[in-house]
Amino acid sequence: MITVLLLALAAAGPAFGYEEGEVREGGRLTGIVKFIGEPPKLAPVPVKKNQDVCGPQKPSEALVLGANKGVRHTVVYLEGITKGKKADLTDLALDNSRCVFVPHVVAVMVEPQAVIRNSDPILHNTHGFQDKTTVFNLALPIQHQTINIKGRLKKPGVVRVLCDAHTHMWAWIVVRDNPYYAVTNEAGRFMIDNIPSGKYKVVAWHEGWRPTGRDKDGRVTYESPRGIAKEVVIPAKGEAAVEFEIQ
Ligand SMILES: [Cu+2]
């Protein structure tokens, strides 16, 4: 009976008990996320409100490809690391800037000390959902206003972010329980450093880009996000490379 209870406790947590410390002879993971096949032409997203400030439409950011079809905005992360490098502190989670979220995809450590900002002279209302539950709902009526989201992102996972004022706006916050993550750049490349040597599962998360229609509010919708998992071996003081394909 006691054994069963202990096993149950061990399975339940401590879920996010990441321990920061010095990494001796850490290794590095680099790589690229590539789009396979003919790149789609995604329709621009119509702006329905504040067109005087925002313009009539915005390019869809559901799939952003760079040179050689590298896929931007993909979060690459390592799983199962409970001890390692210090987390990079993100001050700014998302900026409402020129009527889009910047960045479009961000990754943070759980319980970030970060703010949502409005850089525009119009009202934005930044609304985050995790597992369909609201984790923050922030009215930002004032230009240059910031609101801290400390304590709002309590568990790892994916937060879908919408603007309640503008149906053309969306973004993603990927919340991780360890600091071994990166978001791919314009060329689809990423680098994660200072990794304790060993074998890990590495996941590339992308929001999904195939259009599926409109929701009840008239927002353009796309297929569900997907994660592609691989195994990597990080050598001490060395480097491993990995390539992901999205199609
Ligand atoms: Cu908005």
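In segment 119-137, how many are out of contact with any Gly (no Cβ under 8 Å at 6 or more places or on another chain) and closer than 14 Å to TRP170 by Cα? Looking only at that region, the number is 6. Pairs are defined by a Cβ separation below 6 Å, a sequence spacing of at least 6 or placement on different chains, a first member in segment 46-59 that is within 21 Å of ASP215 (Cα to Cα), and a second member that is within 12 Å of the ligand (Cβ to nearest atom) and assigned to a loop (DSSP other than H, G, I, E, B); the pairs so defined are VAL47/HIS168; LYS48/THR167; LYS49/HIS166; ASN50/ILE122; PRO56/VAL47; GLN57/VAL47; LYS58/HIS168.
Going through segment 177-224 one residue at a time, which ones are hydrophobic (A, V, I, L, M, F, W, C) and under 17 Å from GLU245 (Cβ atoms)? Once the filter is applied, which keeps residues that are hydrophobic (A, V, I, L, M, F, W, C) and under 17 Å from GLU245 (Cβ atoms), segment 177-224 yields ALA187, PHE190, VAL202, VAL203, ALA204, TRP205, TRP209. Close Cβ contacts (under 6 Å, 6 or more residues apart or on different chains) running from residues in segment 218-247 that are in contact (Cβ under 8 Å) with a residue 60 or more places away in the chain to residues that are in a loop (DSSP other than H, G, I, E, B) and of a type in the set (A, V, I, L, M, F, W, C) comprise TYR222/ALA62; TYR222/TRP209; GLU245/ILE36; GLN247/ILE36. Of the residues making up segment 41-48, at least one is in contact with a helix residue (DSSP H, G or I) (Cβ under 7 Å, 6 or more places away or on another chain) and modelled with pLDDT of 95 or more. Condition first: surrounded by fewer than 20 Cβ atoms within 10 Å (Cβ to Cβ), touching a Lys or Arg at 6+ places or on another chain (Cβ under 7 Å) and part of a strand (DSSP E or B). Now tell me which residues in segment 156-209 satisfy that. Listed by number, the residues that qualify are MET191, ASP193, ASN194. On inspection, ASN148 does not qualify as out of contact with any helix residue (DSSP H, G or I) (no Cβ under 9 Å at 6 or more places or on another chain), within 18 Å of ALA62 (Cβ to Cβ) and surrounded by fewer than 19 Cβ atoms within 10 Å (Cβ to Cβ). If I go through segment 54-102 residue by residue, how many of them are within 14 Å of the ligand (Cβ to nearest atom) and under 18 Å from ASN148 (Cα atoms)? Counting residues in segment 54-102 that are within 14 Å of the ligand (Cβ to nearest atom) and under 18 Å from ASN148 (Cα atoms) gives 6. I'm trying to understand the selection: among the residues of segment 103-128, which are within 12 Å of the ligand (Cβ to nearest atom) and under 23 Å from TRP205 (Cα atoms)? Within segment 103-128, ILE116, THR126, HIS127 meet the criteria. In this structure, ARG152 does not satisfy being closer than 24 Å to ASP88 by Cβ, within 15 Å of the ligand (Cβ to nearest atom) and touching a residue at least 24 places away in the same chain (Cβ under 8 Å).
The values are calculated or read from the model by the stated rules, or taken from the named source; none is laboratory data. All figures in this text were calculated on a predicted structure; none of them were measured in a lab. A quick note on method: Cβ atoms are made from the backbone with ideal geometry, for glycine too, and the neighbour counts reach across all protein chains shown.
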